[in-house]
Amino acid sequence: MSLKELCEATNVSKPKVIDLYRKLGYAVYKEFRQGIQDFYAYHINAYRASCTTFKQINTLDELIRTAQEADTTALQRLSEHISPEELSHLARAIIDAHSIYVYGPSTGIYPAHYLYQRLKRYRLDVNLIGKDVQHLMEEVFPLRRDDLLLVFNYFLERDLTHRVMKYARDQGARIIVVSDTVLVDFVELVERSYFVERGSMGFKNSMAVPMHFVNLLILTIELIGGPQFQENLQQVETNREKYGL
């Protein structure tokens, strides 16, 4: 859209849009529009992201250094978006839930599966949904009031995720989303959303930050859980040695 078309479609005045893109560092609307297009090209299209990544990288040493710098910068930005209070809120929501349902379609399966594995150590009732798309209804059917649906959304095709969340909402469950995108159609369904990006813009996506976020969350759960959770961890290791599992 042109600037005029955008203002008409959103019912936002031209000075407001100009103020927005200037605050974001763009001199003119055309640059702002190109910046948005570049963002989605780099974060969604794997081929174009790869082309951008290797445009100025010629050696393995440069690749290692650039990748480390990109992930380090993204990890530092995480503290700007996630406060200790917000981390504590999510940890307590998990501990207090009757049952936890973790959903991570597409790339979101990595942090979702990692959290699912670790929460079992504390004798929490946790379920990983989305392993079998054809039987998704059966997987979410037990959801009820006092349960928690935790969604790791790193997937463009969000219609299915929206339907899962809508079902959970209708059953009275709490819904919390972790995502690298602000999704307006999710807002009415969720109790809280956490902005956790995948990596730096202009460099091929990394899951280092979401995985780091989950590790922080696990440590926070252990801290809040106190002696009882430590006892559960000790029992896991005792049983592991006793039964060779």
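The values are calculated or read from the model by the stated rules, or taken from the named source; none is laboratory data. All values reported here derive from a predicted model rather than from experimental measurement. All Cβ positions, even for glycine, are placed from backbone atoms using ideal geometry, and neighbour counts span all protein chains on display.
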For region 149-174, which positions are surrounded by fewer than 18 Cβ atoms within 10 Å (Cβ to Cβ) and in a helix (DSSP H, G or I)? Asp159, Leu160, His162, Arg163, Lys166, Tyr167, Arg169, Asp170
Yes or no: region 183-200 includes at least one residue that is outside any helix (DSSP H, G or I) and modelled with pLDDT of 95 or more. no
Can you tell me which residues in region 217-242 are of a type in the set (A, V, I, L, M, F, W, C) and buried (at least 17 other Cβ atoms within 10 Å of the Cβ)? Leu217, Ile218, Ile221, Phe229
Between a residue in region 67-82 that is charged (D, E, K, R) and any residue that is assigned to a helix (DSSP H, G or I) and surrounded by 12 or more Cβ atoms within 10 Å (Cβ to Cβ), which pairs come within a Cβ distance under 7 Å, given they are 6 or more apart or on different chains? Asp71/Ala208
Restricting region 51-77 to residues that are exposed (fewer than 11 other Cβ atoms within 10 Å of the Cβ) and over 22 Å from the mean Cα position of the chain (by Cα), which is modelled with the lowest pLDDT? Gln56
Among the residues of region 130-148, are any assigned to a loop (DSSP other than H, G, I, E, B), over 18 Å from Met211 (Cβ atoms), at pLDDT 95 or above and within 20 Å of the chain's Cα centre (by Cα)? yes
In contact (Cβ under 8 Å) with a residue 60 or more places away in the chain, over 30 Å from Gln34 (Cβ atoms), of a type in the set (Val, Ile, Thr) and out of contact with any His (no Cβ under 6 Å at 6 or more places or on another chain): which single residue out of Val178, Val164, Val126, Val151 fits that description? Val164
Can you name every residue in region 192-205 that is touching a residue at least 40 places away in the same chain (Cβ under 8 Å) and either surrounded by 17 or more Cβ atoms within 10 Å (Cβ to Cβ) or under 21 Å from Thr161 (Cα atoms) (or both)? Arg192, Tyr194, Phe195, Val196, Glu197, Arg198, Gly199, Ser200, Phe203, Lys204, Asn205
Just a yes or no: is a residue in region 161-182 in contact with a Pro (Cβ under 9 Å, 6 or more places away or on another chain) and among the acidic types (Asp, Glu)? yes
Hits in region 108-123 - residues which are assigned to a helix (DSSP H, G or I) and in contact (Cβ under 8 Å) with a residue 60 or more places away in the chain: Tyr110, Pro111, Tyr114, Leu115, Arg118, Leu119, Arg121, Tyr122
Return the only residue of Arg22, Arg48 being modelled with pLDDT of 85 or more, out of contact with any Phe, Trp or Tyr (no Cβ under 6 Å at 6 or more places or on another chain) and surrounded by 11 or more Cβ atoms within 10 Å (Cβ to Cβ). Arg22
Just one of the numbered conditions (1) aliphatic (A, V, I, L, M); (2) closer than 24 Å to Met211 by Cα; (3) outside the structural domain of Met211 (by TED's automatic domain parsing); (4) outside any helix (DSSP H, G or I) is not true of Val102; which one? (3)
Identify the residue in region 149-188 that is more than 21 Å from Leu87 (Cβ to Cβ) and among the hydroxyl-bearing types (Ser, Thr, Tyr) and, among all such residues, is nearest to the chain's Cα centre (by Cα). Thr161
Within region 83-95, the residues that are part of a helix (DSSP H, G or I) and free of Cβ contacts under 8 Å to residues at least 24 places away in the same chain are Pro84, Glu85
